[in-house]
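First up is the structure itself, then whatever we jot down about it.
The values are calculated or read from the model by the stated rules, or taken from the named source; none is laboratory data. Everything numeric in this text was worked out from a predicted model, so none of it was measured. Counting neighbours? That spans all protein chains shown, and the Cβs are built from the backbone with ideal geometry, glycine included. Note: areas computed on protein heavy atoms with side chains; ligands, DNA, RNA excluded. Shrake-Rupley method; radii C 1.70, N 1.55, O 1.52, S 1.80 Å.
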Amino acid sequence: MCKFTIRLFFLLFVLYSSTCSVLSSNLPRTLNSSEIKLALEKLNVLGSVLYIAAHPDDENTGLLAYLSKGKKYRTAYLSLTRGDGGQNLIGSEKGSEIGIIRTQELLQARSIDGAEQHFTRAIDFGFSKSPEESLDIWGKENILADIVWVIRFFKPDIIITRFPVGSSGGHGHHTASALLAKDAFTAAADPNMFTEQLKYVEPWQTKRIFWNSWRPSAEEVGKLLKLDTGEYNFLLGKSYTEIAAQSRSMHKSQGFGVTATRAPRLEYFQLVAGEEAKDDIMSGVNTSWQRIQNGKSIEERINSIIDTYDFQDPSKSLNKLIELYSIFNKLESNYWIEIKKNEILQIIQSCAGLWMESIASDYSAAPGDELNIKTTLVNRSSNNFQIEKIEFPTIPSSSVISSKLEDNQPFILESKIRIPESYPISQPYWLVEDASKGLFKVTDQILIGSAENNFTLPVKIFISSYGEILEYTIPLLFRWNDRVDGELFRPFEVRPPVVANLTEKVAVFPDDGVKEIKVKIKNITPNAAGEIHLHTSDNWVITPSTIPFSLKNKYDEKTISFRILPPKNKSTSKLFVEIDINGKVYSKSLTEIIHPHITTQVYFPESTIDLVKLDIKKTNGSIGYIMGSGDDVPDCLRGLGYDIILLDDDQLEQADLSTFDAIISGIRAYNTRERLRYIQPRLMEYVQNGGTYIVQYNVSFGLQADNLGPHPFKIGNSRITVEEAPLRFINKEHQIFNYPNKILEVDFENWVQERGLYFAEQWDEKYETILGGNDPNEKELLGSTLYIKYGKGVFIYTGLSWFRQLPAGVPGAYRIFVNMISAGMLNGR
């Protein structure tokens, strides 16, 4: 591989590494004295570990913290998926949006435990019961190629997997991750495998691959390597298990907040392949500078810096650090030289207390717009620094300055730039193109494996000291002050000139009547004017066909209404929104993902919804909805014409519940609503007096009530993951299948992702089971839906995934759900 290609690749890597370190923490920062000391010690460690598993939350954060901050190895976690198919405890986001959230949660976790983060293109398509299914849906060679790419890119000395290659992983994705990691261990070293990668990277032979074993038996312990991640680090003031708890608690969308442990924590390692290790996982790996030609002198220089380091004034180390950086610049470029150069730059910045920020006048702009930028540098040391140049490398611009950075005196440069018309919007790179069921489509090889996009608009700062040029790349940010939280930052975004959001998740037509569809348009470019057009298949009639609009000020919004007449017969179709501005057509919507524990994210999916003309009968009525972790079911039921009231705790405790024809608890309501423990008797009284109460799925741990129904039942972990799996009507005459809609097998067609999850596994004999079903080659499950008449009313527990089916516009799901809502009507209510 030519030197130019090596250099180009490492420059891209350095840019990507700085992206993660700044944006994932949501705030520019420098290291404190203790952190600088640890970073200096890490300069002398040339070892690397890659940890591989399937999902966000699979990683062992204690081990990552120990390896990164304790042993000071370059450490990374490779998660095959972004968790796109999982559940969400903090909101209603699903699919790509929960994948974005979990990506950011992993980056927050890594900013705490010190490891890096990578992904493959694999999509989490939901729970899988076999590795064969996972590999088939992903495409084994696709994901194997991605793991090989990350290994060749990262060059780990050892690989550790979270799961074994056997069947004890508990999830098909888990076992598949271990099988693929083992295959990639061999393939990464083979120059005949994935040869298209070799213009960027070289084959790499990892020393060995381990399985991070579960708690072993007494007989097994003696055969395994072990290490203690419960050790205490005085410089950090925490044990690695305490750091791990903070890191683990970043998985908030999964409710994984944990309490720290302060005691020994032994981790065990079983060799999977590679050279035997005698007494340490890094046995036989030279992790000192002696693995580099003439590296001993470098090691001595670093030891000298460490020996003379002054905690009270780290800037005293700057002369030697800059001298070391100058020596590195004269050496032939290789993997470790480039890694350590990047580390030295960060140490120099922190030893100088060098603050660098580039702040945009607004948090977003559109291609073609002008933008004011204020770049500020503050050297908080007596060291001689001079700012030489500031440039925006992705936009032709440069400011040659040659100005001294005085001690604690801000240097400010104000710039005005124009974003090119062809500049890409800030779309997560893995969502730019349409994906298959199991694989994101990413055509740029360099991006594969990256946790997130590079900076939307990078800023390069060139600083000189003692004749050496120090080159930093920082992101363009937007800063504002919150009256409660104070100074806050978010990444600058490039958005389409105008976006259009449909106000409904799905447009359901329960009859032949005309429905009003509202489109909210928002401009990013001032003085945006044009026409908005909706289109769908011919048997749907849209009036008017086109509506002109004009938006004067940036971020103006306007809601435009169209009328849609459905066809006479049941039908489904896609509705698309297009906006024409001077002959250019825009078709994106805007989704902002805002949670306090992650950096604000934006996503621009196509502006489209499903149109569903139903063959459905429904009873009128008022429905109370107990929102749990968050879902879109209430909006979907409003689309049918139901009057939906979201019930807070006070209403549940004090309101006259008899005014509701049905009450529905949202997904995981009994996991997230603490007051339900005390409200439960009122809900059972409501059923006994003639109400219909439908409880959607909850998980078995963390329930806020001992009994969710009038008689005991126990929720398990059983589920049906194959959405096409046939369901058996246990009693075809049951009212759920007959009133007000006649339910047939066709109503279970075209379901998405799964049939259901967290079914009941034990129940009182007074409950009726109405459906049986199973995944291929498994025993039949009967606990997907429990039904009981209690007093004058009806109680239903259902683990079927209505929260996915209704927003996806599945016609049969609507018909069945209406029948459940209407279950009490035959009892005279």
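One table, with the values for the structure above:
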quantity	calculated
Highest-first arrangement of 518-526, 74-82, 228-236, where packing means the average Cβ count within 10 Å	74-82, 518-526, 228-236
Two-site FRET efficiency, Lys779 against Thr503, from Cβ-Cβ distance with R₀ of 45 Å, rounded to 0.05	0.50
Flagged links, alpha-carbon separation over 31 Å, of Lys71/Lys252; Lys714/Lys792; Lys520/Lys613; Lys129/Lys515	Lys129/Lys515
Cα shape, the range 69-217, gyration tensor, a/c 1.5 rule	rounded
Accessible-area value, Asp706, 1.4 Å probe, nucleic acids and ligands omitted, Å²	140 Å²
Ser403-Lys316 FRET efficiency (beta carbon distance; Förster radius 30 Å; 0.05 resolution)	0.75
Greater than 32 Å apart at Cα, pairs in Lys330/Lys389; Lys558/Lys618; Lys320/Lys460; Lys441/Lys505	Lys558/Lys618
With 5 Å bins from 0: P(r) over the range 345-437, alpha-carbon pairs, percent	3, 11, 18, 18, 14, 12, 11, 7, 4, 2, 1, 0
Calculated [θ] (222 nm, deg cm²/dmol) that DSSP helices of n ≥ 4 give over the chain, each run adding -39,500 (n - 2.57)	-7000 deg cm²/dmol
Among beta bridges that DSSP assigns inside the chain, antiparallel share in %, nearest 5	70 percent
Centre separation in Å (Cα based) which lies between the range 613-656 and the range 281-353	62 Å
Sequence of Val612, Val45 from largest to smallest accessible area, 1.4 Å probe	Val45, Val612
Area of Lys554 that stays accessible when all protein chains are in place (1.4 Å probe, Å², to 10)	60 Å²
Cross-link partners of Lys226 among aspartates and glutamates (Cα-Cα below 17 Å; sequence separation of 8 or more within a chain)	Glu267, Glu275, Glu276, Asp279, Asp280
Candidate residues Asp775, Asp511: accessible-area rank, largest first, probe 1.4 Å	Asp511, Asp775
Efficiency of FRET from Cβ geometry, Asn372 and Glu323, R₀ 30 Å, rounded to 0.05	0.20
In range of the label at Trp480: residues from the range 580-618 whose backbone nitrogen is under 20 Å from the point 7 Å along Cα→Cβ	590-604
At 0.890 mPa s and 25 °C, Stokes D of the range 641-713 from Kirkwood alpha-carbon radius, µm² per second	194 µm²/s
Prolate/oblate/rounded label for the range 573-697 (Cα gyration tensor, a/c 1.5)	oblate
Rounded if a/c under 1.5, otherwise prolate or oblate - the range 396-475, Cα gyration tensor axes	prolate
Burial order of peptide ranges 692-702, 431-441 (average beta-carbon count within 10 Å, highest first)	692-702, 431-441
